[in-house]
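S.K.: Got a structure for you, questions after.
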Amino acid sequence: MSSDEMRRQWRADWRASGVYSGLALFDHVTRGIEEHGDDLQVFVDEHGRRRHTIGDLYSRALSVATAIGDAGLGPGDAVAVHMAHTPDAIVAYLAVSAAGATLVPIPSIYSDRETRFILADSRARMLITAASWRGYEYLPAIPGYQADGLLEHVVVAGGDPQDYTSFSDLLAAPARARPDLSPLAGERTAAIIYTSGSTANPKGVMHSDDTLFFEAAQSYPPTRMAGSTWLNATPAGHMGGYLAALKSMLFGRPCVWMERWNPDLALDLIREYRVSHATLVPFHLMTVLEAMNRADLDRLDLRDVLCGSTTVPTELIEEAVAKGIGAYRCYGSTEHPTISKSGPDAALADRSLTDGLVLPGLTVRIVDEAGAPLPDDGEGEILTRGPDQMLGYTSDAENAAAFTGDGFFRTGDIGRLDAGVLTITGRKKEVIIRGGENISVREVEELLRRHPAVREAAVVPRSHDRYGEQVWAFVRTRGNQQLTVADVRKLFRDLGVARQKTPEGVVVVDEFPRTPAGKISKRDLRESLAT
């Protein structure tokens, strides 16, 4: 049995045994509306504070879903949504699901280059986009997207839609009965979520209704949701931001949504709305603590804060706990969203020094470089399997490298497993994680080599107290030319690359340090930044 056949068999077994519900995501949402339709959602953005109930967002989504269906889109078609967390974004997410189409959320920080790749790779037939965000205009790039020949429909929310369809027209469509999606026949791709991994382009991660609902139900059980009020600050378009939206729509509870991060505002919102729960990257948590210091606030009643997406410093958890914040570490990825986590009631050492217990129903192996299993507390690559793991990548080539012969997912991370407790110790894959954003080293290096002065480039992470890691570039130039950070910023801006990927430091070298095999010694480069 091949690796792909093995994984399909596991999912068939989970479906047959009831681990998978067999219902479409939107049918789960519909079932819960009677219970939590009145739960308040507060969206905080440039328009101020907008209040909606979940039932209101649901009703709007039914109209938009009708318009999507009238455009000839449904099961098997991809619809991309390029927005920050706004009421329209949540409505669009729900509507795509209600129409039975495949949702492709695009991070709002993504610029023309990344967006064009995602639209082409996902074969999206419709794009629902904001007109602009943070002063960046999205619409000028659309003719280029359409030139690829796949994008048929463009819907614009906010601002002047120009020659495209206005999102308000979709909201005005009279809602009709939805297509019958449940029980699911086969494995419908409910969402394709892109992750910037170790390859040059983002990787499309395909999840089904079953994998996503299992993840949501396991991560947000009734015992965790009861009596909670949430701050949703994880950026839209990434797995964390999508799960925040999915959790709210499936299980309700009052939520405060931040369109962009501002720690002083976050602190005010936590106190004003008596927020009790949040999922934060280390940068978010660190800056909340700084805002508390500025406000001369010794304690904050924030009782459940799951912290992950990158290395979580031990001292950060310790400082948060000392200020009354129930912070703890977790581990997961877009491909396998939550593999392990601690909890707010665990011992401080477990919360700050480990990434918690492997969750029920999941299997984790630690293997050496030859793929042989290691004993407890042995350090090696982390392999995983479980009902919330992706179906696979959109690229067959990526799938071939991502799974072992017996179907386990190669995370590319290094760690230890001791009595079911997982601790991450490093990474095999070349990824820089800046403020919770995964940045492909290979992609940045390839972009740098497009500058006419650059002969050779190597990119490494530099440790940073605030962002966790920064992108630093070492370059060897042609004819000993000089190259400055300003030059590199202009290059990346001209190429339409997301600002977060732009190197924050550039070092011009005469020669690179090399390994005996002739490869650039990135360890030496990293060590040079530490001195």
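S.K.: Could you tally the net charge around S2, taking each other residue with its Cβ under 11 Å from the Cβ of S2, Lys/Arg +1 and Asp/Glu -1? Kindly include the intermediate steps, with their values, before the conclusion.
M.R.: Details: positive: R7, R8; negative: D4, E5, D406.
Net local charge, S2 excluded: -1.
S.K.: Quick query: amide H of V154 versus all other amide H atoms, modeled in the peptide plane; which residues come in under 5 Å with a sequence gap of 5 or more or a different chain?
M.R.: Correct list: L127, T165.
S.K.: Sticking with this structure for a sec: Leaving out ligands and nucleic acids, and using a 1.4 Å probe, what accessible area per residue does the chain come to in Å²? Could you put the intermediate results ahead of the total?
M.R.: Values: 21730 Å² over 531 residues.
Each residue of the chain exposes 41 Å² on average to a 1.4 Å probe.
S.K.: On to the next question. Take the cross-link list K429/K501; K501/K522; K323/K501; K203/K247; K341/K429; K323/K429 and give me the ones stretching past 27 Å between alpha-carbons. All intermediate terms of the calculation are to be shown ahead of the outcome.
M.R.: On the way: K429/K501 17 Å; K501/K522 18 Å; K323/K501 33 Å; K203/K247 24 Å; K341/K429 22 Å; K323/K429 35 Å.
The pairs that break the limit, which is 27 Å between Cα atoms, are K323/K501; K323/K429.
S.K.: May I ask you to compute the full-extension gain from A397 to R499, defined as 0.36 nm times their residue separation minus their alpha-carbon distance, rounded to one decimal in nm? Present the calculation step by step, with values, prior to reporting the outcome.
M.R.: On the way: separation 102, 0.36 × 102 = 36.72 nm, distance 2.84 nm.
33.9 nm is the gain from fully extending A397 to R499.
S.K.: Still on this structure, I have one more. Quick one: length gained pulling R523 to R466 fully straight, 0.36 nm per residue minus the C-alpha distance?
M.R.: Values: separation 57, 0.36 × 57 = 20.52 nm, distance 2.22 nm.
Contour length minus Cα-Cα distance gives 18.3 nm.
S.K.: How many percent of Cα pairs in the chain exceed 36 Å?
M.R.: Numbers: 44799 of 140715 pairs.
Tail of the P(r) past 36 Å holds 32 percent of the pairs.
S.K.: Pull up all non-local amide H partners of S521: gap of 5 or more, or a different chain, and H-to-H distance under 5 Å with H placed in the peptide plane.
M.R.: Excluding prolines and chain starts, which carry no amide H, the hits are R514, T515.
S.K.: Could you check how much of the accessible area of the chain is carbon and sulfur, as a whole percent, using a 1.4 Å probe? If you can, show how the numbers build up before the last one.
M.R.: Numbers: 10370 of 21730 Å².
That share works out to 48 percent.
S.K.: Taking H placed 1.01 Å from N in the peptide plane, check which residues at least 5 places from A191 or on another chain put their amide H under 5 Å from its amide H.
M.R.: So A191 has HN proximity to L103, H207.
S.K.: Sort 472-485, 438-451 by the packing proxy (mean of other Cβ within 10 Å over each peptide's residues), most packed first.
M.R.: Ranked from most to least packed, the peptides come out as 438-451, 472-485.
S.K.: Restricting attention to the range 61-123, which trypsin sites (Lys or Arg not before Pro) occupy a DSSP loop and are surrounded by at most 12 other Cβ atoms within 10 Å?
M.R.: Numbers: sites: R113, R116, R123; in loops: R123.
Counting only loop positions with at most 12 other Cβ atoms within 10 Å, none of the trypsin sites (Lys or Arg not before Pro) in the range 61-123 qualifies.
S.K.: Counting only other residues whose beta carbon sits under 9 Å from that of L383, what net charge do I get with K and R as +1, D and E as -1?
M.R.: Values: positive: R365, R385, R410; negative: E381.
Taking every other residue near L383 into account, the sum is +2.
The values are calculated or read from the model by the stated rules, or taken from the named source; none is laboratory data. Owing to the predicted nature of the structure, the values given are computational and were not obtained by experimental measurement. Ideal geometry is used to build each Cβ from the backbone, glycine not excepted, and the neighbour counts take in all protein chains shown. What goes into the accessible areas is simple: the full protein's heavy atoms, side chains included, and nothing from ligands, DNA or RNA. Shrake-Rupley method; radii C 1.70, N 1.55, O 1.52, S 1.80 Å.
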